[in-house]
1. Quick check on the exposure proxy: order C:89, D:226 from fewest to most C-beta atoms within 10 angstrom.
2. What whole number of Å gives the distance from the Cα centroid of region B:147-224 to the Cα centroid of region D:151-224?
3. Counting partner chain Cβ atoms within 10 Å of every residue's Cβ in A:164-171, what's the average?
4. Please order B:291, A:198 by the number of other Cβ within 10 Å, starting at the fewest.
5. Please work out the FRET efficiency for the pair residue B:34 and residue B:281, using the Cβ-Cβ distance as r and a Förster radius of 22 Å; give the result to the nearest 0.05.
6. In a Gaussian network model over chain C where Cα atoms closer than 10 Å are linked, find which of C:231, C:65, C:47 has the largest mean-square fluctuation.
7. Quick check on packing: order A:145-158, A:11-24 by the mean number of other C-beta atoms within 10 Å, highest mean leading.
8. Give the average, rounded to an integer, of partner chain Cβ atoms located within 10 angstrom of each Cβ in B:226-235.
């Protein structure tokens, strides 16, 4: 049985990746799981310089999900390259570095710095709802998405995945803009902007007031957007949003994703990625499907 | 203690309404609860002529929520006026008639027909994701929202509530468009477009492929949008989206809603609206708040 | 207006009577006293991630003890949750819901297929007339002996391991069964075949239909089926399975 | 790298020891054998609507029986769920997490406030030195007698119903307590006051902090506190409470 998938010319041993921001640079979850068994590790977003992130509380639980407003705290590209990347290259898995910035120049700086590094993909975060400048502001306007994609592609030495926001009227327009800008793949969905209020204190649950909603609660929205986006462009789609079981991952692939990323579910179960890899394998066996790639977009077929 | 709220000059005995489409015209839930105890009953959407709705399956459960694609099946305005309205007027509660249409003329036809009827509010559904024409198409474009609101206001004899879709990049633009068109109030959120795929059959769970996501899963998105919209306009806001407990309702009011509507939670517990009314009352007592109106927008105060 | 109740029912006992099929007796306050054969109850999950009630047909009614029996198959996580409930545990239910079977004094064929078999048991007990019972299974049998106490039972199995090798209509034909009225519940292809059979033989035929439900009480319009005539309530060619049904005259509905 | 485990622990026993405060003994496979005073475990809810683990401090460790004790307050639906678990029930836990208290052989003040009291019990048992224990409560006392077995105990209550009328620092002053080292856990205002007190008296001071957590293992960066120096791991002025903490030198952190 084949579990391998190919994204923009790079072969992953299986379609299960981690979702940026939930998995650090792999070190912490590496105490629970064998990172060699992942299709890819997607790092926490890294910027040109260290970012302090938002004030606390940065997190709030919601019904079937959670809100986060970490605000892209990160140690900056230098420490990342010196410390985190060498940690990851010890493992036989693909490395996707998530890149964030407040300006186009910020993004370009990180992308250039990674040019000679042992990195398999760049994932460009233009969809973080929790930072004042950059992030989501870049990801909601098709023209902006196209132009930032084009700028990044000019300097990138690795395939570029544009990570899209679900906080838009029409996801297909944004996906097409990324494609027009030359993206090698798209990933979606980032989190949905949400809010929680503590009724006892009559105050915001998060210091940042709003946060990004993730977890199983948002899965049906993610499946819909992956379905729409994958039919709107020729690019491979990496599907994420509330995947917590092998069934959820398979559903995402049937909708049109070539690979999937698991995020919030790690917090509920540090071993969940391993269970999903095994669950997909079992499903293929039970259904008599010899190649996991046959699932991609196979809904209604 | 005062539980009364005022929306566009109409006084409701308490801020708890039902959400359109989940409550029929009140008859079925009237077998479980005392409709007299509701702030208002919001009817299922009614159109100029009977609508057959979508094929089945029309419903799918999701994690902490559900998808529906009923497709606005309704008996048409004539039967509604002859049969359902007289049923509702037996009760000492306010009546909000939800109006749907495929064209502007459809909406106007229903609104005119209701002009002389014992109806307290019109709620205009420009945000249903489950019909081919009309519905959502009207609700995602600010210019369209403004113009349809203006047309309706020209003929409406009751206060007009515009019901907004969350499937937009910027809810404040849509809210402002409704205000510019002359709306008396806005209600939000309608459902978020979602999809579920049955992995065993590798087929869509809903005949309509996509459906509207509702339930506690979406509550944080609703709270955020109510917060944003209520600060963008001077209109009263009716908050809905995943309200299942008194706490959820209070949270929505703290975010800026003058009243709330309870939808999907009725399916989980037919008595839930009564429990929410009582729960709000208890909260006010415990917190020493003498007027429920003090909650409106009081987050962070 | 039919009486409906929301109650905390208590599990009297539960057992697995066939692979993945469970029989549960529930103590109710009022529901059993009002229930009729062919009606259903809505059962609510304890787990908060599952919001919608599971509609399950009533298999037996013990009005004296105010107890109800349901027999259901594990079809997902909700029914899996129910199957783990032990004696004494509570479960929230709403009922009785739907119309139930009519009771006519005519020579009857009661035909059940798979998990459509259980609702016919109470009907078989209630009907005071000549009755023949046809039960169709994939392979493993259940409830057979209980039906035998109520009348002549004919079995069909898809794998041919017991009785007629085939479906319920094969069993009807193989045994030359005749009737003035058919009551049936089972998978859609079986009901379609029975509708055609009854029409060709001009036999009165009542079918219990199934569809995904949300509210279970007629408010949400999720669980409709197409109807031949315009329905009084909906004013379109749709009938609510949870309210006007689940039992319909075969000619009334298209499915 | 510290050993961490995910396990299905089993409830040995549980009781309410004060209004809304529960004491639970858990049988673990490995976690208890590796745990130290001041560390915590993550407990996962059964109900699917609650996804995030609840971090709860370890109150006592029985390494021989591989058992752990936690004492926690019902603060929401998750802890309410835990409080209903009876002997023999399972619960998923991850641990041991965090750094725990250092063990120094110096004359010690152990200071706990409210639900910050329990983690000091194991520390009190472990510390082989002169120790004075100060416990601050709003009103109702708990764990007092267990602490008494470990050293001299001084009590402060906010309502003045027992011991010093006031907070833990009032009790320290009223009793003229002196020490070379302070270990403390409790509400933020108390910890702030202790930090200032220790600085003014130039006493070594270790504080156990709290913050909303998601992963509990250092990956998500939710539960940070401001640090005086740039942190080695984060490369900014933030420390992860779940990983570098929850116990910090008072001077290291700003909160």
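All of the numbers you see were taken from the coordinates with simple rules; none came from a lab. Owing to the predicted nature of the structure, the values given are computational and were not obtained by experimental measurement. Glycine also receives a Cβ, built like all others from the backbone with ideal geometry; neighbour counts cover every protein chain displayed.
1. C:89, D:226
2. Using only Cα atoms, the two centres lie 50 Å from each other.
3. 4
4. With the fewest neighbours first, B:291, A:198 line up as B:291, A:198.
5. With a Förster radius of 22 Å, E is 0.90.
6. C:47
7. Descending packing order for the listed peptides: A:11-24, A:145-158.
8. The mean count of partner-chain Cβ atoms within 10 Å per residue comes to 1.
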